[in-house]
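Here is the structure we will look at.
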Amino acid sequence: MPQLIGLPFLLIIFYLLSSIKILREYERGVIFRLGRLLPDAKGPGIIFVFFPIDRMERISLRTVTMDVPPQDVITRDNVSVKVNAIVYLRVMDSNRAVVTVENYLYACSQLAQTTLRSVLGEVELDDLLSKRETLNEKLQSILDQQTDEWGIKVSLVEVKTVDLPAEMQRAMARQAEAERERRAKIIHADGEYQAAERLLMAAQTMANEPISLQLRYLGTLTEIGAEQNSTIVFPVPIDMVARFLSGAGQEPAKKSDDSEDSS
């Protein structure tokens, strides 16, 4: 008889022990009591779930990394590319994440794929390759706005890889090579122009100071004789050469004057 009396107490103790649930710091328990949602999610720590009256859904509050599979995108300038991305999201409201949508991870994945195709299809290929940050912010804003009613916060969206067709890669390589050649020609022409300006300034300086030309001449002789070679240099004073040049310039003029006198 005492054993029969103690059996219900054992059953009650066993039932209470089985009703104890432990939730981690990043977990919350969404409780449905007789099918109705309790206002506040429970946890973390020790909570009681009285089966079969209560039913609990565990929700993790950690940031989830979602990989968006490669999507076929046709850009605004009619270039077909494959683009994949990565989405970082977390649950902000456990109750809404359970009640509002059936499977919030699957719903966010499908929404991310659709948004990725629609947004990247509105830009040109050059913008897709060069303006990643702007496109990432636009994608994050659209996804965050759409998932807000589900209690989901999309914190970051990153476009990972853009796979280009082989023909487009070759065309871009030729374009980059032509651009590098254009820059090289411009830099070379700019160097020639600057060198010509420097030579003009040097010529003007030497014209104002004739002795500088003689010093430059002697410096050139020093440079030639610095190396071991068989070149023989005979220095000729510039004044002597200048006399011959001036005389050659005046002789035709004198002859022309004599011809005029004879006439």
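The values are calculated or read from the model by the stated rules, or taken from the named source; none is laboratory data. Just so you know, these numbers come straight off a predicted model, no measurement behind them. Note that we place each Cβ from the backbone using ideal geometry, even for glycine, and neighbour counts take in every protein chain shown.
In this structure, THR205 does not qualify as under 17 Å from ASP72 (Cβ atoms), surrounded by 11 or more Cβ atoms within 10 Å (Cβ to Cβ) and without any contact (Cβ under 8 Å) to a residue 40 or more places away in the chain. If MET172 satisfies every condition in (1) assigned to a helix (DSSP H, G or I); (2) modelled with pLDDT under 75; (3) hydrophobic (A, V, I, L, M, F, W, C) but one, which is the exception? Result: MET172 fails condition (2) only. In the set (1) out of contact with any helix residue (DSSP H, G or I) (no Cβ under 6 Å at 6 or more places or on another chain); (2) more than 30 Å from ILE31 (Cα to Cα); (3) touching a residue at least 60 places away in the same chain (Cβ under 8 Å), ASN136 fails one condition alone, (3).
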